[in-house]
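Take a look at the structure below.
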Amino acid sequence: MLYLFIFFQTLISAFHVDDQPQFKGGQQALNSFLSQNLIYPDFSKQNCISGTVQVSFNINQNNKPVNVKVQQGFGIDLDDEAVRLVKLTAGKWVLPPNHDVNTTLILPVNFSLNQYNYNCGSKSRSDMEQAITAYKAREALVDAVTNYYENKYLGKADVAKEPEIEALKKQLGLDDDYADEVVKQANQKLKQGDTEGACEDWKFVRNIGSNKADAQLAKYCK
């Protein structure tokens, strides 16, 4: 395995570095790319959750990261963003002539709130752990909403449950303002060339019962 340690860590390899994929421009360029493209997930930002997510992947012969998986993370939105960033490095690797597509790379992606104007100094480790637990509990409720609308679009939902789903949406804050924020985030991903990530966000907006992303879905996510 080749370890590419990001943000104040150095590249370590069990093999000769020249025989392994390297990011174009080197470590500094990789750090800069991640920093410029990272979109700090809203829940983690609001709850002062930071740390490192380790992502494993291979690079195929088309210079595209594949088998992208979280090796060690938090089980929340930071993991999703770390995976997205790794996928976004497609085409940006220098592959050796004898490149082995089975070579596994580990990219630790560091999330730090130091650059944001958030008052996280008073937050303890316990506060962060409680927020992570709350996120996971909330996700189960969000899934109930998105599953309902996915089935509704397929004509399979029990429409008698819609008042219950609407009440759950209100409880979770899945309103128009929230949908606007997700659409804004998706538009930012699109500008980065991440159509896949943008489409996932727009589909999520649709699956919480909003039509605010319908135009983008029709244009970019066919």
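The values are calculated or read from the model by the stated rules, or taken from the named source; none is laboratory data. Predicted model only: the values in this text are computed from it and were never measured. Counting neighbours? That spans all protein chains shown, and the Cβs are built from the backbone with ideal geometry, glycine included. When the accessible area is computed, the model is the full protein with side chains, heavy atoms only, and any ligands, DNA or RNA have been set aside. Shrake-Rupley method; radii C 1.70, N 1.55, O 1.52, S 1.80 Å.
Some observations on this one:
- Cα-based shape type of region 69-169, given that a ≥ b ≥ c are square roots of the gyration tensor eigenvalues and the cut on a/c is 1.5: oblate
- Mean ellipticity per residue at 222 nm, deg cm²/dmol - from DSSP H runs of n ≥ 4 across the chain, formula -39500 (n - 2.57): -14500 deg cm²/dmol
- Percent carbon-and-sulfur accessible area, the chain, ignoring ligands, DNA and RNA, probe 1.4 Å: 46 percent
- Calculated over the chain, the projected area of the Cα convex hull averaged across directions stands at 14.1 nm².
- Shape class of region 161-222 from the Cα gyration tensor (axes a ≥ b ≥ c, square roots of the eigenvalues): prolate, since a/c reaches 1.5 or more and a/b is larger than b/c.
- To the nearest ten degrees, helix 176-191 and the longest principal axis of the Cα atoms of the chain are 30 degrees apart.
- Region 97-141 pair-distance distribution - Cα-Cα, 10 Å bins, rounded %: 18, 28, 26, 16, 11, 0
- In a simple Cβ point-charge model (Lys, Arg +1; Asp, Glu -1; nothing else charged), the chain has a dipole of about 380 debye relative to its Cα centre.
- Cα gyration tensor category, rounded, prolate or oblate, for region 130-193 with a/c compared to 1.5: oblate
- Per residue, region 100-222 exposes an accessible area of 61 Å² to a 1.4 Å probe, with every protein chain left in place.
- Per residue, the average separation of C-alpha pairs within less than 8 Å and at least 6 apart gives region 80-222 a relative contact order of 19 percent.
- Degrees separating the helix 77-87 axis from the principal Cα axis of the chain, which is the longest one: 50 degrees
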